[in-house]
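Peer 1: Would you mind keeping the following structure in view while I ask a few things?
The values are calculated or read from the model by the stated rules, or taken from the named source; none is laboratory data. Not measured: the values here are computed from a predicted model. In this analysis, Cβ positions are derived from the backbone assuming ideal geometry, glycine residues included, and neighbour counts consider all displayed protein chains. Heavy atoms of the whole protein, side chains included, go into the accessibility calculation; ligands, DNA and RNA do not. Shrake-Rupley method; radii C 1.70, N 1.55, O 1.52, S 1.80 Å.
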Amino acid sequence: MLEELGLKRIRLDLPFRLNHVNCFVAEGENGWQVIDTGMHNKETADRWRDELAGKSVTDIFITHYHPDHFGYAGGLQELTSANVYMSEIDAEAGLNAWQHSFIETLYENYLATGIDKKTAARMTKNTKEFVPRVTPYPQVDHYFQEGQIVQIGNFTYEVFFTPGHSDGLVTFYNNEKNVLLSTDHILPKITPNISYWFHGDPNPLHSFLTSLEKIRKLDADFVIPSHGKPFYGANNRIDEIKAHHDNRLLQTLNAVSEGGTAADVCQKLFQKELTIHETRFAIGETLAHLEYLRYKGECDRELNKGSYWYYRK
């Protein structure tokens, strides 16, 4: 199917448990397009240099600002002089999320979740370590618009904004072939990480669940994700993901039946041993579920000795 669509998948390694990201190239009328770029490291730069040798790259589409998608955008733009496209929301997030002015606020924010000082410091340091993986920043030339029609390979696609995994994440849908480039919105084997990152959308899980219903209406047949292999049946997978979050919300609500910090709840939800990088994602996802319940009126929070204490209503 990818060949019929005029797409080639570029599988780039990642140094995490989620060990790869799918990027794509497609030939257009005037040159080649790249969809997402991976993180900026030597392995990624070398792979793109080999993959694009002899090709003129005109456009770089970035689906969202996370390092494994946005990280090498600036470096690849310097190499190719291509135009970079993103949603305006995530373009701004990508230029601000690793600034010192934001990172220096993380330590206190992590302490407010109930995390101990040593772990909070390590989590903040881990975030700083991504700065060279996302710089140089690209010059974003065009902002995607909801409903915009873009040519990718052999077909045209409609741009759908699907916030949740990031505030400005975009997906691409082709009606003729009933194909969805789902990016990180729908994944085949794992549920996308939905986290509150101390900036942007205060209720990302609500946004994500709303976005799932938006994409459900398309009833896409063939789904091309940014992690894992392409698969059939978007709506079946949407049902599975929603069921996962329903269960997670119930677990979260039960975890605060007698009150607790986000860190307390996180330990109950994530019982396997986590790296410091994974701990950042775990606490972010815990906060997203707690805040969803708080906005829904099923739990509340209060500041207690420097930490936010959540309790079931």
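Peer 1: Restricting to DSSP H runs of at least four residues, report the calculated mean residue ellipticity at 222 nm for the chain, -39500 (n - 2.57) per run over all residues, nearest 500 deg cm²/dmol.
Peer 2: -11500 deg cm²/dmol
Peer 1: Using Cα atoms only, what is the angle between the long axis of helix 234-255 and the major principal axis of the chain, expressed in degrees (0 to 90) to the nearest 10?
Peer 2: So the inclination is approximately 20 degrees.
Peer 1: About its Cα centre, what dipole magnitude does the chain give when the only charges are +1 on Lys and Arg Cβ and -1 on Asp and Glu Cβ, stated in debye to the nearest 20?
Peer 2: Around 1060 debye, computed over the chain.
Peer 1: Within the range 1-36, which residues have the backbone N less than 19 Å from the label spot 7 Å out from residue 122 along Cα→beta-carbon, could you tell me?
Peer 2: Under 19 Å, as judged by backbone N against the label point of residue 122, lie 15-18 of the range 1-36.
Peer 1: Quick check: the angle from helix 117-128's long axis to the longest principal axis of the chain, C-alpha only, nearest 10 degrees?
Peer 2: Relative to the chain, helix 117-128 is tipped by roughly 10 degrees.
Peer 1: Among all stretches of the chain without exposed GluC sites (Glu not before Pro) (DSSP loop, at most 16 other Cβ atoms within 10 Å), which one is longest?
Peer 2: Working: sites that count: 29, 104, 129, 146, 176, 258, 273, 298.
Between exposed loop sites, the widest span is 177-257.
Peer 1: With every protein chain left in place, what is the accessible area per residue of the range 191-313 in square angstrom, probe 1.4 Å?
Peer 2: Accessible area per residue, the range 191-313: 47 Å².
Peer 1: Classify the range 150-190 as rounded, prolate or oblate from the Cα gyration tensor: take a ≥ b ≥ c as the square roots of its eigenvalues, call it rounded if a/c is under 1.5, otherwise prolate when a/b beats b/c and oblate if not.
Peer 2: oblate
Peer 1: Per-residue HN-Hα couplings for the range 280-292, Karplus 6.51 cos²θ - 1.76 cosθ + 1.60 at θ = phi - 60°, whole Hz, x for Gly and Pro?
Peer 2: 4, 5, 5, 5, x, 6, 4, 4, 4, 6, 5, 5, 4
Peer 1: Let's test the formula: R0 of 25 Å, r as the Cβ-Cβ distance of residue 232 and residue 13. What FRET efficiency results, to the nearest 0.05?
Peer 2: Efficiency for this residue pair is about 0.40.
Peer 1: Return the subset of 8/42; 217/272; 55/128; 8/217; 8/296 for which the Cα-Cα distance in this structure is over 31 Å, preserving the input order.
Peer 2: Table pairs above 31 Å Cα-Cα are 217/272; 55/128; 8/296.
Peer 1: Of all the accessible heavy-atom surface of the range 170-216, with the other protein chains kept in place and a 1.4 Å probe, what percent is carbon and sulfur?
Peer 2: 52
Peer 1: Further question: Could you give the length gained by full extension between residue 49 and residue 198, i.e. 0.36 nm per residue of separation minus their alpha carbon distance, to one decimal place?
Peer 2: Gain in length upon complete extension: 50.1 nm.
Peer 1: Further, regarding this structure: Would you work out which of 226, 83, 241 lies farthest towards the positive end of the dipole of the chain? Charges go on Cβ: Lys and Arg +1, Asp and Glu -1.
Peer 2: Farthest towards the positive pole: 241.
Peer 1: Further, regarding this structure: What is the distance, in nm, between label points placed 7 Å from the Cα along the Cα-to-Cβ direction at residue 100 and at residue 42?
Peer 2: For residue 100 paired with residue 42, the spin-label model returns 2.7 nm.
Peer 1: So, for the range 22-105, what is the accessible surface per residue at a probe of 1.4 Å, expressed in square angstrom?
Peer 2: 39
Peer 1: What trypsin sites (Lys or Arg not before Pro) in the range 180-233 are in a loop by DSSP, with at most 12 other Cβ atoms within 10 Å of the Cβ?
Peer 2: Values: sites: 189, 214, 216, 217; in loops: 189, 217.
Here the sparse-neighbourhood loop sites are 189, 217.
Peer 1: If each residue of separation counts as 0.36 nm, what is the full-extension length gain between residue 311 and residue 88 once their alpha-carbon separation is subtracted?
Peer 2: Extending this stretch completely gives an extra 76.7 nm.
Peer 1: Using 0.36 nm per residue of separation minus the Cα-Cα distance, give me the extension gain between residue 154 and residue 275 in nm, one decimal.
Peer 2: Length gained between residue 154 and residue 275: 39.4 nm.
Peer 1: Same structure again: Taking the Cα centre of the range 36-184 as origin and charging only Cβ (+1 Lys, Arg; -1 Asp, Glu), how large is the dipole, in debye to the nearest 20?
Peer 2: 580
Peer 1: If you don't mind, another one. Give the percent of DSSP beta bridges with both residues in the chain that are antiparallel, rounded to the nearest 5. Let's see the in-between values first.
Peer 2: Numbers: 32 of 46 bridges.
So the antiparallel bridges amount to about 70 percent of the total.
Peer 1: Something else about it: So if I take the alpha carbon set of the range 249-313, get Rg, then get Rh from the Kirkwood formula, what is the Rg over Rh ratio?
Peer 2: Working: Rg = 11.3 Å, Rh = 11.7 Å.
Rounded to two decimals, Rg over Rh is 0.96.
Peer 1: Pick from 294, 49, 17: which is most flexible by mean-square fluctuation in a GNM of the chain where alpha carbon atoms under 10 Å apart are linked?
Peer 2: 17
Peer 1: What's the angle, to the nearest 10 degrees (0 to 90), between helix 204-216's Cα axis and the longest principal axis of the chain?
Peer 2: With rounding to tens, the tilt is 40 degrees.
Peer 1: Another one. So who's got an amide H within less than 5 Å of the one on residue 20, skipping anything under 5 residues away but keeping other chains? H placed 1.01 Å off N, in plane.
Peer 2: For residue 20, the qualifying residues are 14.
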